[in-house]
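Written out below as structure tokens is the structure these notes cover.
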Amino acid sequence: GEAPIAHDAKRDAFLHQQGFHVLRFSNEIVVTDIASVVDTVLSEVLS
């Protein structure tokens, strides 16, 4: 199968072509600092 990083890159390129902006967060940061994740998402949505 396709390596995960290559698969992610292809998916990100497709989403970008569709007008989406992809944000990536590690599992660790989502679990340990969800407030920062939410702040980042809100900042991107409101910009």
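Values in this text are rule-based calculations from the coordinates and carry no lab data. Keep in mind that what you see is a predicted model, and the values were worked out from it rather than measured. FYI the Cβ positions are ideal-geometry reconstructions off the backbone, even for glycines, and counts take in every protein chain you see.
Against the main long axis of the alpha-carbon atoms of the chain, helix 34-46 sits at an angle near 70°.
Charged neighbours of R24, selected by a Cβ distance under 15 Å, balance to -3 (K, R count +1; D, E count -1). From the coordinates of this entry, volume of the Cα convex hull per residue in Å³ is computed, and it appears in (1) 23; (2) 71; (3) 96 under the label (2).
Taken about its Cα centre, the chain carries a charge dipole of about 180 debye when Lys and Arg each add +1 at the Cβ and Asp and Glu each add -1 at the Cβ.
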